[in-house]
Amino acid sequence: MSSEFDTMSAIEMRRRVATKEISPVELTRRALAKAEATQPTLNSFYLLMPEQALAAAKAAEEAVMKGAPLGAIHGIPFSVKDLMAVKGVGYASGSRTMKSNVATLDAPAVERAKAAGGILIGKTTTSEFGCKPVGDSPLTGITRNPWNLARTPGGSSAGAAASVAAGITPFALGTDGGGSIRIPAAFTGLAGLKGQFGRVPVWPTSATPTLAHVGPLARSVEDAALLFSVIAGLDRRDPFGVAGPVPDVLGAARAPVAKMRIAYSTTLGYARPDPEVVKLTDRAARTFEDLGCIVEPVESVFESDPADLWTAEFYAGVGIRLRSFMENQRDLLDPAVADVLEPALSQDMRDYFTKVFARYALREKLRIFFEDYDLLISPVIPVTSLDVGRNIPDQLSDRNLVSWVFYTYPFNLTGQPAASVCAGFAPDGMPVGLQVVGRSYCEPDVIRAAAAFERTHGAGYNVGAFEL
């Protein structure tokens with residue numbers, strides 16, 4: 001059931017809604033129908049909200065017909081990952097332990113997207129409590145990649161990426177505590193953005209409150225910037241919230257990049273990428289040189305792999321949330337998740353705070369590193385998408401559930417803005433992502449570089465390649 005809407009940008013949808021060329025009700029019905037039709041193959045959604053979505057779409061259409069002021073994403077369908085609260089519907093976080101939980105309020109980003117005229121059609125799948133970078137959970141089963149149904153779309157924002165890549169909605173809200181927006185964006189050829197820590201409010205409190213971000217996955221960098229501009233800004237319920245004006249990321253998506261200073265690292269000093277991934281990121285580095293940037297190869301960004309610092313923080317937080325189930329009903333949990341939570345829960349307090357202080361030292365080293373550069377580019381993931389049902393690539397079997405990812409979790413530790421943009425396609429036909437990392441609080445630099453690269457090479461999205 002492909003249509004022109006499968007590849008239409010959110011910005012173009014908004015224009016056509018405002019000029020009455022297309023109806024919010026038409027867009028919403030199409031999105032719901034495609035979501036339902038692809039559910040047996042992709043399994044992108046934890047739940048759909050047809051009654052609420054159509055009621056919101058009718059209200060949006062009435063506003064257009066009356067000539068009322070329209071929001072930035074007026075009439076555009078979107079979805080929300082099931083690690084975020086949506087008032088009155090299930091809030092299970094991908095876990096059988098939470099399958100009866102119902103949210104009593106909307107998360108701030110959900111609230112803002114609705115207020116800007118967005119039409120929420122449903123909640124998308126996630127790995128259990130966002131603990132795996134692949135797309136399955138005991139609650140919802142396996143979510144699949146539209147480019148190849150035998151492959152994972154990545155995680156933990158699995159359904160968000162799969163649904164956007166399949167053309168169901170032009171963008172979606174995901175979360176990122178260690179790469180959970182950037183990883184699935186890379187595996188599905190999308191744009192994904194993790195802003196500065198605290199720029200988009202996170203509420204209710206995350207199980208990983210010092211690492212968690214909310215952000216967009218979209219068919220293009222510009223559409224990601226549009227949704228980000230809607231959801232960003234201080235909310236006092238988030239104690240880490242960044243005050244002050246939200247930077248003009250939408251304007252940045254159209255800005256030139258000449259003379260930007262870019263560090264390029266294939267390994268960050270410790271990663272083990274597939275050669276085909278490196279070929280595409282090498283090409284990306286040359287593209288930035290062609291665009292007038294100053295690109296400098298940097299072998300070691302980090303003195304050592306900070307995976308242990310991230311693991312101590314992330315899995316300890318989730319482990320505390322799930323401690324009673326770990327002790328009394330472990331069989332309800334994903335076995336791979338339970339195995340990785342156990343050592344995090346048993347860590348010594350002195351060891352934990354040693355890692356906390358090492359994390360702050362890491363932040364300072366990265367701040368000094370970025371005094372010489374505007375951006376750092378690297379692969380997002382060392383490999384292309386894994387087969388469904390697998391947690392770790394065979395060639396990286398010595399790594400744990402998340403440390404095989406290598407490139408994304410360091411920038412949750414530092415809180416810097418980072419994006420994924422499609423770098424091209426490997427010989428196996430699967431997308432490869434380019435990571436663009438900016439200095440603290442400098443989202444516009446990340447957006448303008450990612451958008452400039454995308455304009456040169458084209459977005460990875462191509463609905464004609466999907467066989468659903």
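The values are calculated or read from the model by the stated rules, or taken from the named source; none is laboratory data. These figures come from a predicted structure and were not determined experimentally. All Cβ positions, even for glycine, are placed from backbone atoms using ideal geometry, and neighbour counts span all protein chains on display.
Structure values in brief
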{"read-out": "Number of the condition not met by I320 [criteria: (1) farther than 16 Å from P410 by Cα; (2) touching a Lys or Arg at 6+ places or on another chain (Cβ under 7 Å)]", "value": "(2)"}
{"read-out": "Single condition S265 does not satisfy, out of (1) farther than 22 Å from A423 by Cβ; (2) touching a residue at least 60 places away in the same chain (Cβ under 8 Å)", "value": "(1)"}
{"read-out": "Unique residue being in contact with an Asp or Glu (Cβ under 7 Å, 6 or more places away or on another chain), part of a loop (DSSP other than H, G, I, E, B) and within 22 Å of R219 (Cα to Cα) when the list is G167, G178, G155, G117", "value": "G167"}
{"read-out": "Y360 of a type in the set (F, W, Y) and without any contact (Cβ under 8 Å) to a residue 12 or more places away in the chain", "value": "yes"}
{"read-out": "Verdict on T7 being crowded, with 19+ Cβ neighbours inside 10 Å, of a type in the set (V, I, T) and in contact (Cβ under 8 Å) with a residue 40 or more places away in the chain", "value": "no"}
{"read-out": "Residues of segment 120-142 satisfying the condition of being among the hydrophobic types (A, V, I, L, M, F, W, C), surrounded by 24 or more Cβ atoms within 10 Å (Cβ to Cβ) and in contact with a strand residue (DSSP E or B) (Cβ under 7 Å, 6 or more places away or on another chain)", "value": "I121"}
{"read-out": "Per-region count, segment 358-398, residues farther than 30 Å from E289 by Cα and among the small types (G, A, S)", "value": "4"}
{"read-out": "Number of positions in segment 189-228 that are hydroxyl-bearing (S, T, Y), crowded, with 21+ Cβ neighbours inside 10 Å and out of contact with any strand residue (DSSP E or B) (no Cβ under 7 Å at 6 or more places or on another chain)", "value": "2"}
{"read-out": "2 or more residues in contact with a helix residue (DSSP H, G or I) (Cβ under 8 Å, 6 or more places away or on another chain), β-branched (V, I, T) and modelled with pLDDT of 95 or more: qualifying helices (runs of 4 or more DSSP H) within segment 1-108", "value": "10-18, 24-38"}
{"read-out": "Of residues in segment 104-119 being of a type outside the set (A, V, I, L, M, F, W, C) and closer than 23 Å to G198 by Cα, the one surrounded by the fewest Cβ atoms within 10 Å (Cβ to Cβ)", "value": "T104"}
{"read-out": "Unmet requirement for L396, which otherwise passes all of (1) closer than 30 Å to G241 by Cβ; (2) surrounded by fewer than 24 Cβ atoms within 10 Å (Cβ to Cβ); (3) in contact (Cβ under 8 Å) with a residue 60 or more places away in the chain; (4) hydrophobic (A, V, I, L, M, F, W, C)", "value": "(1)"}
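Every residue, every condition in (1) exposed (fewer than 13 other Cβ atoms within 10 Å of the Cβ); (2) among the hydrophobic types (A, V, I, L, M, F, W, C); (3) assigned to a helix (DSSP H, G or I), yes or no:
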site: A344; (1), (2), (3): no, yes, yes
site: Q347; (1), (2), (3): no, no, no
site: Y373; (1), (2), (3): no, no, no
site: V383; (1), (2), (3): no, yes, no
